[in-house]
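Below: one structure, written as structure tokens.
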Amino acid sequence: MQLYQTFKAIRDSNLKARKENNYYKLLENGQALLDYAPDLIELMVNNEHEYRKREAELSNTKDDNGKFFSNSYCETQAKSTDNYKEYIKAKATLDWLYDSVNLAKKLAVDNNKEFTAAIK
């Protein structure tokens with residue numbers, strides 16, 4: 001998926017920038033991650049909706065004995081779908097995205113303090 005390829009490119013750029021102590025690049029990359037966050041959130045919400053819709057469909061289905069499937073059965077079946085897998089992947093990626101942005105901000109603030117101290 002193109003979105004994850006973009007995140008990989010930004011991560012690779014972050015690795016290079018950290019080796020070079022290029023804190024401005026890390027900050028730029030943090031901004032780039034935030035630019036793509038809405039797309040990731042939409043992907044996450046859509047996949048969660050689809051897996052929950054599958055869970056709801058199953059909860060309205062009866063087994064061979066005429067009993068409704070149990071909640072745990074419905075949940076397990078719904079979580080075995082690709083939608084759930086993509087939802088979890090997007091959710092974890094969003095967590096990583098926010099952690100990366102926070103780290104970039106912290107490094108930029110620290111770097112700015114060092115830069116300001118060197119000027120004085």
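The values are calculated or read from the model by the stated rules, or taken from the named source; none is laboratory data. For clarity, every value in this text was computed on a predicted model and none was experimentally measured. Cβ coordinates were reconstructed from backbone atoms using ideal geometry, including for glycine residues, and neighbour counts include every protein chain displayed. What goes into the accessible areas is simple: the full protein's heavy atoms, side chains included, and nothing from ligands, DNA or RNA. Shrake-Rupley method; radii C 1.70, N 1.55, O 1.52, S 1.80 Å.
So how much slack lies between residue 110 and residue 62, counting 0.36 nm per residue of separation and subtracting their Cα-Cα distance, in nm?
11.3 nm
Show me the three semi-axes of the equivalent ellipsoid for the chain, from the C-alpha gyration tensor (sqrt of 5 times each eigenvalue), largest first, rounded to whole Å.
Working through the eigenvalues yields semi-axes of 45, 12, 10 Å.
Quick check: pseudo-label points 7 Å beyond the Cα along Cα→Cβ at residue 5 and residue 24, how many nm apart are they?
Computed distance between label sites residue 5 and residue 24 equals 3.0 nm.
Please report the net charge: other residues with Cβ closer than 15 Å to the Cβ of residue 87, K and R +1, D and E -1.
Result for the neighbourhood of residue 87: -2.
Using alpha carbons only, what's the Rg to Rh ratio of the stretch 17-72 with Rh from Kirkwood?
1.46
Is it possible to state the helix-based mean residue ellipticity at 222 nm for the chain, with each DSSP H run of 4+ residues giving -39500 (n - 2.57), the sum divided by total residues, to the nearest 500 deg cm²/dmol? What is it?
Computed mean residue ellipticity for the chain: -30000 deg cm²/dmol.
Using only Cα atoms, tell me the angle between helix 23-59 and the longest principal axis of the chain; keep it within 0 to 90° and round to the nearest 10.
It works out to around 0 degrees.
Round to the nearest 10 and give me the degree value, 0 to 90, for the angle of helix 2-19's Cα axis relative to the longest principal axis of the chain.
30
Evaluate the relative contact order of the chain (contact order divided by residue number), counting alpha-carbon pairs under 8 angstrom at least 6 apart; express in whole percent.
33
In nm, give the distance between the simple-model label positions of residue 16 and residue 39, each being 7 Å from the Cα along the Cα-to-Cβ direction.
1.9
Need the list of lysines near residue 16 for cross-linking: C-alpha distance under 23 angstrom, and skip anything on the same chain fewer than eight residues off.
8, 25, 105, 106, 113
Probe of 1.4 angstrom, ligands and nucleic acids ignored: what's the accessible area per residue over the chain, in square angstrom?
Value returned for the chain: 69 Å² of accessible area per residue.
Suppose every Lys and Arg Cβ carries +1 and every Asp and Glu Cβ carries -1, with no other charges. What dipole size does the stretch 13-95 come out with about its Cα centre, to the nearest 20 debye?
So the magnitude is around 300 debye.
Tell me the trypsin sites (Lys or Arg not before Pro) within the stretch 1-85 that lie in a loop according to DSSP and have at most 15 other beta-carbon atoms within 10 Å.
Sites meeting the loop and neighbour criteria: 67.
Using modelled backbone amide H atoms (1.01 Å from N, in-plane), which distant-in-sequence or interchain residues come within less than 5 Å of residue 68's amide H?
Amide H neighbours of residue 68: 63.
Using only Cα atoms, tell me the angle between helix 82-119 and the longest principal axis of the chain; keep it within 0 to 90° and round to the nearest 10.
Once rounded, one gets 20 degrees.
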